[in-house]
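First the structure, in the form of structure tokens, and then the observations on it.
Derivation of every value follows stated rules applied to the coordinates shown; laboratory data play no part. These figures come from a predicted structure and were not determined experimentally. Reconstructed Cβ throughout: ideal geometry from the backbone, glycine too, with neighbour counts over all protein chains shown.
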Amino acid sequence: MKKKILVLAGIAALLIGATVFALAQHPGMGEKMRGHGPGDMIEHISRELNLTDAQKAQVKTLLDAQQATEEQRHTKLDDLRKQIDAATANGQFDENTVRNLANQQSQLMADQLVDHLRLHSQIYGLLTAEQKTKADQ
């Protein structure tokens, strides 16, 4: 069981990292991805786990609460990417500046992973024993 959780957490970390990296590399891509809101996630989870209406409402509340934080974080990540681009334009490179910006970026990415896994745990806690078994598979 612990091994499954670690594998899932690792996969989630890779997906989040890849997403953030892709967003940072391709300005404007985030706006396209952000079009998929909490409703899409709820429908997916509901379909897979046969959530009750009460569970859907609880999941929606959790996702809505996290969405504002995620939007702010994406804005900060976009801004940091622009600052990194400016700091390294035309071959210029100041290691202290770049390292500082990279550290800020990595902290935001770590916060994003922690928030994502916390949300995953909160949603998992709303599930019935049968739904948890299905989710584990």
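A few points about this structure:
- Distance distribution note for the range 71-137: the fraction of Cα pairs above 20 angstrom is 49%.
- Residues in the range 39-51 carry Karplus couplings, in order, of x, 5, 5, 4, 4, 4, 4, 4, 4, 6, 10, 6, 5 Hz; the curve used is 6.51 cos²θ - 1.76 cosθ + 1.60 with θ = phi - 60°, and Gly or Pro positions show x.
- Comparing 69, 83, 103 along the charge dipole axis of the range 59-133, the residue lying farthest to the positive side is 69, per the Cβ-charge model.
- Extension reserve of the residue 99-residue 47 stretch, reckoned as 0.36 nm per residue once the Cα distance is removed: 14.3 nm
- Couplings for the range 95-102, taken from phi via the Karplus curve 6.51 cos²θ - 1.76 cosθ + 1.60 with θ = phi - 60°, read 4, 4, 5, 5, 4, 4, 5, 5 Hz in order; Gly and Pro are left as x.
- The simple spin-label model puts a point 7 Å past each Cα toward its Cβ; for residue 130 and residue 107 those points are separated by 4.7 nm.
- In this simple spin-label model, placing a label point 7 Å from the Cα along the Cα-to-Cβ direction at both residue 71 and residue 137 gives a separation of 3.8 nm.
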